Amino acid sequence: EANGNVVRILNSESQSRILLAIPPIEEQTLIIEFIENEINRLEANISKFNKQIELLQEYRTTLISDVVTGKIKAC
């Protein structure tokens, strides 16, 4: 339906000729489960990294405070 860089407007006639590959419902369910599992895994990793960042920021603040108050000598 395209001519060069121009796409014609889709109408009901051209839409009726479009073929879509739709997987069976079982496969769709498996795809959804896979995506949800990956999202959960990524969210868990993000949470762990955010906690590590928070702990490093606390360590940094404590370290700066200890150097300023003379508890630790700066190099």
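The values are calculated or read from the model by the stated rules, or taken from the named source; none is laboratory data. All figures in this text were calculated on a predicted structure; none of them were measured in a lab. Backbone-built Cβ (ideal geometry, glycine too); neighbour counts: all protein chains shown. Ligands, DNA and RNA are stripped out before the accessible areas are found, and what is left, the full protein with its side chains, is counted by its heavy atoms. Shrake-Rupley method; radii C 1.70, N 1.55, O 1.52, S 1.80 Å.
Modelled label positions at Thr69 and Ile53, each set 7 Å beyond Cα in the direction of Cβ, lie 2.8 nm from each other. Surface exposure of the stretch 14-59, expressed per residue as accessible area with a 1.4 Å probe, stands at 95 Å².
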